[in-house]
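Student: Right, I'll just put the structure down here and ask away after.
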Amino acid sequence: LELRAPSEPLFVTGDRTRLAQVIGNLLNNASKYSECGATIELELLRDGESAAIRVRDHGRGIAPDVLPHIFDLFAQEERVPYFYANL
């Protein structure tokens with residue numbers, strides 16, 4: 001995990017539990033769909049008067065036919081496991 005954040009604190013108004021849940025879900029999905037040992041980047045930055053969070057991974061991405069449904073309740077793409085010969 002690579003973490004990038006500004007040196008000065010960013011304050012946000014929001015539900016702490018839900019913010020933690022969203023960030024946890026983003027990181028969990030990035031991990032679940034990336035190869036073992038892949039780098040996941042988490043960046044916190046100021047965007048005008050707002051704060052922004054970016055999560056970047058090097059996984060296979062979301063299939064085009066699934067993309068329109070990613071915010072539907074309980075929508076999930078089938079996970080294709082990675083196989084390693086040298087485990």
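The values are calculated or read from the model by the stated rules, or taken from the named source; none is laboratory data. No experiment lies behind these values; they were computed from the predicted model shown. Cβ sites come from the backbone with ideal geometry, for glycine too, and all protein chains shown count toward neighbours. Each accessible area value is taken on the protein alone, full model and side chains, heavy atoms only, with ligands, DNA and RNA left out. Shrake-Rupley method; radii C 1.70, N 1.55, O 1.52, S 1.80 Å.
Student: Averaged per residue, what accessible area in Å² does the stretch 3-48 show with a 1.4 Å probe, protein chains only?
Tutor: Value returned for the stretch 3-48: 75 Å² of accessible area per residue.
Student: Using packing as a proxy for protection, rank 34-46, 5-17 so that the peptide with the highest average count of other Cβ atoms within 10 Å comes first.
Tutor: 34-46, 5-17
Student: Efficiency by 1/(1 + (r/R0)^6): what FRET value for residue 55 and residue 15, r their Cβ-Cβ distance, R0 = 25 Å, to the nearest 0.05?
Tutor: Taking R0 as 25 Å, the efficiency between residue 55 and residue 15 is 0.85.
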